[in-house]
Amino acid sequence: KLLEALGGSSFFTIEELKALETSNDKPDLIWIHAMSCDGCSTAFLNAEIPVVDILSRFVNIVFHPTLMASDGEMSMEILEKYKSNNLILVVEGAIPIKEMPHTCMMGEKFIRDTIKDVAQKSSLIIAAGTCATFVGICDMKGMYTNSVSLRKCLEEENIQKPLINLPTCPMKPTHLLYSIFYYIKHKTIPAVDLTNRPLRFFGNTIHER
């Protein structure tokens, strides 16, 4: 029934989803929160279809601050010692740099350093939500964090990995599922525009539709 619920979205056929589910090469997924309200995770968990149950059938959820049972040093060790040849990194929120990197820390480390370390191990990187893709409210007038988008952060660190930007506030859960399933099936990212947004969702404006 879960597969039928997602198949009804016209992203993939039921047969395609079943083939992906039985694959022996399930990617691992690490989801990191930077400067955000956690709204994208909340939207993901509260979606009409049980997206967490669906996602867990196709990837191994290794790290997600909201979902995981471990915390403290134990959870940070997962990020520091983790190695994989097939890793998907999802980043939610903008990244503070330069003058005030301490405005977002996790495990006594600047979030930028944590993202840098995990990104270098990743096969695919996804920016979840407007803050991660275009900085969003974190760049409003009067903010002193000097936050940047995930794409800008990766460019400054000279990390060249496939990147998918999924804006909207909050991110639409089906956009994430589609991007991950497409990558699993084709071993590459879907067609994107100049800002790395999937053309399937952002190829036309609302007025054009």
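The values are calculated or read from the model by the stated rules, or taken from the named source; none is laboratory data. Bear in mind the structure is a predicted one, so any value in this text is a computation, not a measurement. Side chains are part of the model used for accessible areas, which takes the heavy atoms of the whole protein and leaves out ligands, DNA and RNA. Shrake-Rupley method; radii C 1.70, N 1.55, O 1.52, S 1.80 Å.
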Just reorder Lys161, Lys83 by solvent-accessible area, largest first, 1.4 Å probe, all chains present. Lys83, Lys161
Whole-Hz Karplus couplings 3J(HN,Hα) for the range 27-36, θ = phi - 60° and coefficients 6.51, -1.76, 1.60, Gly and Pro as x, run x, 8, 10, 10, 10, 10, 9, 9, 6, 7
With the cut-off at 31 Å, tell me which of the pairs Lys26/Lys141; Lys98/Lys185; Lys141/Lys187; Lys116/Lys172 have Cα atoms farther apart than that. Lys26/Lys141; Lys98/Lys185; Lys141/Lys187
Solution diffusion estimate, µm²/s, Stokes-Einstein, the range 104-209, Kirkwood Rh from C-alpha pairs, 20 °C, viscosity 1.002 mPa s: 144 µm²/s
How big is the accessible area of Tyr82 in square angstrom, nearest 10, if you roll a 1.4 angstrom probe over the protein chains? 40 Å²
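Can you tell me the equivalent ellipsoid semi-axes for the range 155-209? Use √(5λ) from the Cα gyration tensor, largest first, whole Å.
Working: eigenvalues 79, 45, 26 Å².
Its equivalent ellipsoid spans semi-axes of 20, 15, 12 Å.
Express the accessible area of the range 66-145 per residue in Å², computed with a 1.4 Å probe while the remaining protein chains stay in the model. Spell out each step's value before the answer.
Working: 4100 Å² over 80 residues.
Spelled out: the 1.4 Å probe surface of the range 66-145, per residue, equals 51 Å².
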Sequence order, the range 125-140: Karplus ³J(HN,Hα) from phi using 6.51 cos²θ - 1.76 cosθ + 1.60, θ = phi - 60°, Hz rounded, Gly and Pro as x, gives 10, 10, 8, 9, x, 5, 5, 6, 8, 10, 6, x, 5, 5, 10, 5
Residues with amide H under 5 Å of Val90's amide H, sequence separation 5 or more or different chain, H placed in the peptide plane at 1.01 Å from N; which? Ile30, Trp31, Ile32, Ile126
Once the convex hull of the alpha carbons of the chain is built, what does its volume come to per residue, in cubic angstrom? 128 Å³
Protein accessible area in the chain, 1.4 Å probe - carbon and sulfur %: 51 percent
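When only C-alpha pairs under 8 Å and at least 6 residues apart count, what is the relative contact order of the range 86-209, in percent? Display every interim value, and only then the final one.
Values: 201 pairs, mean separation 30.2, N = 124.
RCO, the range 86-209: 24 percent.
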So the angle from the long Cα axis of helix 72-81 to the longest Cα principal axis of the chain, reported in degrees to the nearest 10, equals 70 degrees
Percent relative contact order of the chain, based on C-alpha pairs within less than 8 angstrom and at least six residues apart? 20 percent
Going from most exposed to least, what order do Glu92, Glu80 have by accessible area with a 1.4 Å probe? Glu80, Glu92
Going residue by residue through the range 166-174, the Karplus relation 6.51 cos²θ - 1.76 cosθ + 1.60 with θ = phi - 60° gives ³J(HN,Hα) values, rounded to whole Hz and with x marking Gly or Pro, of 10, x, 4, 10, x, 4, 7, x, 5
